[in-house]
Amino acid sequence: MLCSSTMHRVEIDRSAAVVVVAAGGELDAYAAPDLSHAFTSVAGEDRIVVDLATVSFLDSTALGIVVKAIREVDDRRGSCLIVLPAGPARRIFEITTLDRVLAVAPTRADALASLAGEVA
């Protein structure tokens, strides 16, 4: 685990060919440094899953960090998928229409299978 507080958590899982940055809880300006640090830690990776399945709140600061990290992966011609099941985080992506321009998967398993298939 990279960081955890009573309000949020940010983890990096490097146990597979695809790196997972998982965040949960309330992602706001307070959580932004932890989220930013996680993405800095995986800079240079070609395949990243951003798992937001357990996010209960996402503000514009945290959203901006996620989008910036995904764009950086895209700029390197890497692949990134965001795990967004129905819930608060998905709703923010729908309101901003980012769910239409960024690659989204309903579950971590779906995202991992999709990106692992690129390796084969």
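Since every read-out is calculated from the coordinates, none of them should be taken as a lab result. For clarity, every value in this text was computed on a predicted model and none was experimentally measured. Cβ coordinates were reconstructed from backbone atoms using ideal geometry, including for glycine residues, and neighbour counts include every protein chain displayed.
Assorted remarks:
- Distance (nanometres) between label positions extended 7 Å along Cα→Cβ at residue 110 and residue 30: 3.2
- A viscosity of 0.890 mPa s and a temperature of 25 °C, combined with the Kirkwood radius over Cα pairs in Stokes-Einstein, give a translational diffusion coefficient for segment 17-87 of 203 µm²/s.
- Nearest-20 debye value, the chain charge dipole, Cβ charges on Lys, Arg, Asp, Glu: 120
- Close amide H contacts of residue 104 (hydrogens built in the peptide plane, cut-off under 5 Å, sequence separation of 5 or more or a different chain): 82.
- Highest to lowest packing among 75-83, 50-58, scored as the average C-beta count within 10 Å: 50-58, 75-83
- Segment 10-26 residues near the modelled residue 59 label - backbone nitrogen below 19 Å, point 7 Å along Cα→Cβ: 10, 23-26
- Its Cα gyration tensor gives the chain an equivalent ellipsoid; the semi-axes, largest first and in whole Å, are 20, 16, 13.
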